[in-house]
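What follows draws every value from the coordinates through simple rules; no lab data is involved. Computed from a prediction, not measured in an experiment: that's the story for all the values here.
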Amino acid sequence: MAVKDRDRFSTATRIRLLGEQTAARVYRSQTKRQARRSRLTGRAALLALVVCSLVVALAYPIRQYVSQRADIADMRRQKEEAAQRVEQLRDLKARWQDDAYAKQQIRQRLHYVMPGETGYIVIDPDAAKQSRNELGAADRPWYTNIWDGVDKADASDH
């Protein structure tokens, strides 16, 4: 027994036992860590699968919702524009029902004159240099616009 005790307490033996114990502890901690990692990895994979499934399942309805909200906003904007246009047309209709406004527009647009008046059209020398196509349709006499329409229709047939 003395040899065993002596062998047991020798430095080499103690170092060897200490190394084996340390190796066993390291091995146990590694297996625990690996077990935790594998459990965490499995849980993470399941969580990722659930999140991906939710994203895929909700992507189309959310896209539809956003698209419909944009359509609703466009419709509201169009409704407001239409209401403004209706209001403008009502104002214009009310103006045209006034005889003084109608006479003013007829005289201005059609170059009519009242009986006993002499009508003049003053042509600006600089404006005369421009070709009649450069003038806007509202700036030219109505008969010029009609004739231009006939010319364009004739040219499109050829």
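Results, tabulated for the structure shown:
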{"item": "HN-Hα J in Hz across the stretch 44-53 - Karplus 6.51, -1.76, 1.60, θ = phi - 60°, x for Gly and Pro", "result": "5, 5, 5, 4, 4, 5, 5, 5, 4, 4"}
{"item": "Separation of alpha-carbon centers, the stretch 40-68 and the stretch 73-122, rounded to whole Å", "result": "59"}
